[in-house]
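Right, one structure below, let's go through it.
The values are calculated or read from the model by the stated rules, or taken from the named source; none is laboratory data. Computed from a predicted model, the values in this text were never measured in an experiment. FYI the Cβ positions are ideal-geometry reconstructions off the backbone, even for glycines, and counts take in every protein chain you see. SASA here: full protein model, heavy atoms, side chains in, ligands and nucleic acids out. Shrake-Rupley method; radii C 1.70, N 1.55, O 1.52, S 1.80 Å.
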Protein chains: 2
Amino acid sequence: MAAILLAIAGMDPQPWQAQFRALAPRREVRLWSGPAGMPAAGVTIPDRGSIAYACVWLPPPGLLAMLPNLRAVFSLGAGVDHILCDPALPKHVPVVRIVDPDLTMRMTEYVVLHVLMHHRRQRRYDVQQREHRWYEHVQPPAAEVAVGVMGLGVLGQDAVQVLRRLGFQVAGWSRMPKQIDGIETFHGAHGFARFLQRTEILVCLLPATPETQGILCLDIFRRLKRDGALGGAYLINAGRGALQVDGDILAALEEGSLSGATLDVFPAEPLPPTSALWDHPAVTVTPHCAAASDPHALVANILRQIERHEQGVPLEHVVDRGAGY
Amino acid sequence: MAAILLAIAGMDPQPWQAQFRALAPRREVRLWSGPAGMPAAGVTIPDRGSIAYACVWLPPPGLLAMLPNLRAVFSLGAGVDHILCDPALPKHVPVVRIVDPDLTMRMTEYVVLHVLMHHRRQRRYDVQQREHRWYEHVQPPAAEVAVGVMGLGVLGQDAVQVLRRLGFQVAGWSRMPKQIDGIETFHGAHGFARFLQRTEILVCLLPATPETQGILCLDIFRRLKRDGALGGAYLINAGRGALQVDGDILAALEEGSLSGATLDVFPAEPLPPTSALWDHPAVTVTPHCAAASDPHALVANILRQIERHEQGVPLEHVVDRGAGY
């Protein structure tokens, strides 16, 4: 049977390796792991020709080009920017995104939790608790609050459905036109202004591509709806760190274009201990935990794809390299 | 047209009065308002015989008995214990609970927010943020986490549906047997032990009745599931303050039967500034704001019931005085 290379940087490879062993005991799975950012020059992979599949997280640039018989690359997380950024990435080998119900549900939990935190003024109540102060704020119903989700892939589509069930005015924006039952959708550059204008809580689930780099900037924040039911605009970024300009978020909070932000991802991760985001009273920082890859569910998913591929079934969720996701 | 008495203690009557004026400009609406706990002896209601309907919040005991032609009493909030506790309450007059989609959705928001806060370890991440510490905790999927909702009336039934959509193992407990699609239900005293045993996050939405008084006590907390996916048991009380024993919650947190609690209601409200609950790191205190009565939606609901009643349609959601809700 064709071998699998498990190449993992900057994360504990042990649970992944254990899961491959448990679910595919007869398949050869070779492990490389090391620190993030290491060049492939220092990596030795024995018997490279036998490797047909690579399952990777932050692989050293150049590593995949060293595998002459590679048939597919699987990402161990929701994003693929950590693979596509390799200039030596073989052009003909399909790169597969993870689309797994487990990952989708985790992301929906995170989005719903943080939309409700802003909507229900939980951070104000947290402050009052510290002050032993009993005071109830006026609470608009969800039906008067406009939530806007950027990115309507599998993750975005699930999140908007639950937000709609909770009664919010939900709209979505995507690069290409999408139709979703009961959800107002906008697309492309010309739909973007109208989408921002009606949105009080902006949820970003976009992939990192050259087009989306730095999209969450001061200009965008200024165009959100500040005079809606919540009396302010809020940002939730659970997409990719490269999308956001940390300094612009701080500036927007300072001038009032944003009233609060929940950030799970950052241009530099871990977020440097000196970042002003940590201590800002209106910012919630979480350590890129919105939708962690669970080896249990994801390895089963990858092995199923490999088996079907070997039986001649086309791979699912292959990345469009032009679009970058 | 028969007159309405609006009797409101301990809360600002102005938005309620304004809403009655706006929606029923031709109906006479007489207002009494004052501090909570005042006896009816000091209250003067002119032309008492013309009043057919009373819309009340914390009415002075004895007040409703002063109205000889009273046809119905409407509660301005989800509970009716503040009415039924009046020993002089006329026996033949129906007491009507508020059942309004607006109130239901607010309660579901609160329950979902706080279940996700515990499930997603948000309080741990809050502490880490204060310490500028980037560390990701192992996160079980919702499918491995058992949430149990006590009280399967209109509020409980809506909450369990959304929790199920998020993937949790949801069960419900009620006094009388209930069947809900896709939800495991328990009832009565003999179902209670099994319900507690399988529950990691206990959500309480019960009404306050002589039977439920102090039900949230140390004995109950000790029977929750502590060795489940979350590695601890959690309490969310958004029902009534009289259900809970504050000292037992603190004792359960101390000994580890509970790992955290979210409390919106308390035996004494406002929660006294000296209560140890305010400062406990594992407790979230909110000021009875889970499902605030919104005059906008609720007054329309009450007026609709009154108009239909005058056309001979039976009142809906009349309280069963024997059961207490």
Residue satisfying all of: in the range A:261-297; among the acidic types (Asp, Glu) and crowded, with 17+ Cβ neighbours inside 10 Å; farthest from the other protein chains (Cβ to nearest Cβ) among these: A:264
Looking only at the range B:170-186, count how many residues are polar (S, T, N, Q) and more than 14 Å from residue B:155 (Cβ to Cβ). 2
Among the numbered criteria (1) part of a helix (DSSP H, G or I); (2) closer than 23 Å to residue A:128 by Cβ; (3) not charged (D, E, K, R), which single criterion is violated by residue B:301? (2)
Within the bounds of the range A:26-38, is there any residue that is more than 20 Å from the chain's Cα centre (by Cα), among the polar types (S, T, N, Q) and under 25 Å from residue A:289 (Cα atoms)? yes
Does the range B:56-77 include one or more residues that are closer than 18 Å to residue B:94 by Cα, modelled with pLDDT of 90 or more and in contact with a Ser or Thr (Cβ under 6 Å, 6 or more places away or on another chain)? yes
Sort out for me the strands (runs of 3 or more DSSP E) sitting completely within the range B:1-69 that have 1 or more residues that are on the phi < 0 side of the Ramachandran plot and of a type in the set (S, T, N, Q). B:29-34
Restricted to the range A:120-134 and to residues being open to solvent by 20 Å² or more (accessible area, probe 1.4 Å) and part of a helix (DSSP H, G or I), the residue farthest from residue A:280 (Cα to Cα) is A:130
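Do we find that residue A:122 is polar (S, T, N, Q), in contact with a strand residue (DSSP E or B) (Cβ under 9 Å, 6 or more places away or on another chain) and farther than 21 Å from residue A:233 by Cα in this structure?
Working: polar (S, T, N, Q): yes; in contact with a strand residue (DSSP E or B) (Cβ under 9 Å, 6 or more places away or on another chain): yes; farther than 21 Å from residue A:233 by Cα: no.
Considered against the rule, which asks whether it is polar (S, T, N, Q), in contact with a strand residue (DSSP E or B) (Cβ under 9 Å, 6 or more places away or on another chain) and farther than 21 Å from residue A:233 by Cα, residue A:122 comes out as no.
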Give me the pairs, please: first residue somewhere in the range B:252-269 and within 19 Å of residue B:116 (Cα to Cα), second residue anywhere and among the charged types (D, E, K, R) and open to solvent by 50 Å² or more (accessible area, probe 1.4 Å), beta-carbon distance under 7 Å, and either six or more positions apart or on two chains. B:260/B:123
Looking at (1) without any contact (Cβ under 8 Å) to a residue 60 or more places away in the chain; (2) within 17 Å of residue B:321 (Cβ to Cβ), which is the one condition that is false for residue B:108? (2)
Search the range B:301-325 for residues that are under 19 Å from residue B:24 (Cβ atoms) and pair each with any residue that is of a type in the set (Asp, Glu) and surrounded by 12 or more Cβ atoms within 10 Å (Cβ to Cβ) when their beta-carbon atoms are under 9 Å apart and the residues are at least 6 apart or on different chains. B:301/B:100; B:301/B:102; B:305/B:316; B:308/B:316; B:313/B:307
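Anything in the range B:80-96 that is of a type outside the set (Lys, Arg), open to solvent by 10 Å² or more (accessible area, probe 1.4 Å) and part of a loop (DSSP other than H, G, I, E, B)? List them, or say none. Full working, then the answer.
First pass over the range B:80-96, keeping only residues of a type outside the set (Lys, Arg): B:80-90, B:92-96.
Narrowing further to those that are open to solvent by 10 Å² or more (accessible area, probe 1.4 Å): B:81-82, B:84-90, B:92, B:94.
Answer for the range B:80-96, where residues must be of a type outside the set (Lys, Arg), open to solvent by 10 Å² or more (accessible area, probe 1.4 Å) and part of a loop (DSSP other than H, G, I, E, B): B:85, B:86, B:87, B:88, B:89, B:90, B:92, B:94.
If you check residue B:44 against the conditions, is it hydroxyl-bearing (Ser, Thr, Tyr) and touching a residue at least 24 places away in the same chain (Cβ under 8 Å)?
Values: hydroxyl-bearing (Ser, Thr, Tyr): yes; touching a residue at least 24 places away in the same chain (Cβ under 8 Å): no.
The answer is no for residue B:44.
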Check A:102, A:86 and return the single one that is over 13 Å from the mean Cα position of the chain (by Cα) and within 14 Å of chain B (Cβ to nearest Cβ). A:102
Evaluate the range A:190-201: report whether one residue or more is among the aliphatic types (A, V, I, L, M) and within 19 Å of residue A:160 (Cα to Cα). yes
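Kindly provide the set of residues from the range A:138-150 that are in a strand (DSSP E or B) and of a type in the set (Gly, Ala, Ser), ordered by number.
Here is the first cut: in the range A:138-150, the residues in a strand (DSSP E or B) are A:146-150.
Matches in the range A:138-150: A:146, A:148.
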Filtering the range B:197-220 down to residues that are farther than 26 Å from residue B:97 by Cβ and either surrounded by fewer than 16 Cβ atoms within 10 Å (Cβ to Cβ) or over 20 Å from the mean Cα position of the chain (by Cα) (or both) yields B:197, B:198, B:199, B:200, B:218, B:219
Residue B:9 fails exactly one of the following numbered conditions: (1) of a type in the set (A, V, I, L, M); (2) surrounded by fewer than 18 Cβ atoms within 10 Å (Cβ to Cβ); (3) away from every other protein chain (no Cβ under 14 Å). What is the number of that condition? (2)
Qualifying residues in the range A:213-258 (those that are of a type in the set (Val, Ile, Thr) and in contact with a helix residue (DSSP H, G or I) (Cβ under 6 Å, 6 or more places away or on another chain)) - the one farthest from residue A:198 (Cα to Cα): A:215
What are the pairs with Cβ atoms under 7 angstrom where one residue, in the range A:215-230, is under 13 Å from residue A:247 (Cβ atoms) and the other, located anywhere, is in a loop (DSSP other than H, G, I, E, B) and open to solvent by 30 Å² or more (accessible area, probe 1.4 Å)? Sequence gap at least six, or different chains. A:216/A:245; A:217/A:245
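Say whether the condition of being part of a strand (DSSP E or B), buried (at least 16 other Cβ atoms within 10 Å of the Cβ), touching a residue at least 24 places away in the same chain (Cβ under 8 Å) and in contact with a Pro (Cβ under 8 Å, 6 or more places away or on another chain) is met by at least one residue in the range B:70-77.
From the range B:70-77, those part of a strand (DSSP E or B) are B:72-75; that's our starting set.
Pick out the ones that are also buried (at least 16 other Cβ atoms within 10 Å of the Cβ) and you get B:72-75.
Now restrict to residues that are touching a residue at least 24 places away in the same chain (Cβ under 8 Å): B:72, B:74.
Those still in the list that are in contact with a Pro (Cβ under 8 Å, 6 or more places away or on another chain) too: B:72.
Scanning the range B:70-77, I find at least one residue that is part of a strand (DSSP E or B), buried (at least 16 other Cβ atoms within 10 Å of the Cβ), touching a residue at least 24 places away in the same chain (Cβ under 8 Å) and in contact with a Pro (Cβ under 8 Å, 6 or more places away or on another chain), so the answer is yes.
Yes or no, residue by residue, for (1) outside any loop (DSSP other than H, G, I, E, B); (2) of a type in the set (S, T, N, Q); (3) at the interface with chain B (Cβ under 8 Å from one of its Cβ atoms); (4) open to solvent by 20 Å² or more (accessible area, probe 1.4 Å):
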position: A:98; (1), (2), (3), (4): no, no, no, no
position: A:106; (1), (2), (3), (4): yes, no, yes, no
position: A:115; (1), (2), (3), (4): yes, no, no, no
position: A:136; (1), (2), (3), (4): no, no, yes, yes
position: A:152; (1), (2), (3), (4): no, no, no, no
position: A:155; (1), (2), (3), (4): yes, no, no, yes
position: A:161; (1), (2), (3), (4): yes, yes, no, yes
position: A:171; (1), (2), (3), (4): yes, no, no, no
position: A:176; (1), (2), (3), (4): no, no, no, yes
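Sort out which residues of the range A:23-41 are open to solvent by 50 Å² or more (accessible area, probe 1.4 Å) and in contact (Cβ under 8 Å) with a residue 12 or more places away in the chain, and write them in order of number.
Residues of the range A:23-41 open to solvent by 50 Å² or more (accessible area, probe 1.4 Å): A:23, A:25-26, A:28, A:31, A:33, A:35-39, A:41.
Within the range A:23-41, A:23, A:26, A:28, A:31, A:33, A:35, A:36, A:37, A:38, A:39, A:41 qualify.
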Selected residue (criterion: farthest from the chain's Cα centre (by Cα)) from residues of the range B:301-323 that are buried (at least 17 other Cβ atoms within 10 Å of the Cβ) and not polar (S, T, N, Q): B:309
